[in-house]
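Below is one structure; the comments refer to it alone.
The values are calculated or read from the model by the stated rules, or taken from the named source; none is laboratory data. Just so we're clear, the structure is a prediction, and the values are computed from it rather than from any experiment. Positions of Cβ are generated from backbone atoms using ideal geometry, with glycine treated the same way; all protein chains shown enter the neighbour counts. For the accessible areas, the whole protein counts, side chains as well, though only heavy atoms, and no ligand, DNA or RNA atoms are used. Shrake-Rupley method; radii C 1.70, N 1.55, O 1.52, S 1.80 Å.
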Amino acid sequence: MNKSIKHKPSQNRFELELEKGLIAYISYRRKNDHLDLIHSEVPQSQRGQGIGKLLVLNTLKQIEKEGLTATAYCPFIKAIIRDSEKWKNIINY
């Protein structure tokens, strides 16, 4: 598994490549330099392995690197960031 996130602005999503050509992703709506994180998806066969958390944390790092801010609407993303002070400067929930 490649642990780096690929930002695909033309598809409004961040992707994490998994084994066997599978993809985990977070989709968003963009408003200027702000992203509304609306959905996260990990293939059923890959769930329960920490991939979702890795996807969220690496996406947040990429958002920060690109100088963007975000609001989490996806319940899973909210659950991951709720207990972390680190991301409060770039993400609302």
Computed [θ] at 222 nm, helices only, for the chain once each DSSP H run of length n ≥ 4 contributes -39500 (n - 2.57): -7000 deg cm²/dmol
Probe 1.4 Å, protein heavy atoms only - accessible area per residue of the chain in square angstrom: 59 Å²
Residue-level accessible surface for LYS31, protein heavy atoms, 1.4 Å, Å²: 120 Å²
The range 21-36 - phi-based ³J(HN,Hα) in whole Hz, Karplus 6.51/-1.76/1.60, Gly and Pro as x: x, 6, 10, 9, 8, 10, 9, 8, 10, 9, 10, 6, 9, 10, 10, 9
Mean-position separation - Cα centroids, the range 9-35 and the range 60-93, in angstrom: 14 Å
Cα-based equivalent ellipsoid of the chain: semi-axis lengths in Å, sorted from largest, via gyration tensor: 20, 15, 11
Whole-percent carbon and sulfur share, accessible surface of the chain, 1.4 Å: 46 percent
Between 0 and 90°, nearest 10: helix 51-65 axis offset from the chain longest Cα axis: 40 degrees
Around TYR28: net Lys/Arg minus Asp/Glu count, Cβ-Cβ under 11 Å: +4
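Compute the length gained on full extension between ASP33 and GLN11: take 0.36 nm times their separation in residues and subtract their Cα-Cα distance, giving the result in nm to one decimal.
6.3 nm
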Cα-based Kirkwood hydrodynamic radius, the range 29-74, one decimal, Å: 11.5 Å
For GLU17, solvent-accessible area (1.4 Å; no DNA, RNA or ligand), Å²: 70 Å²
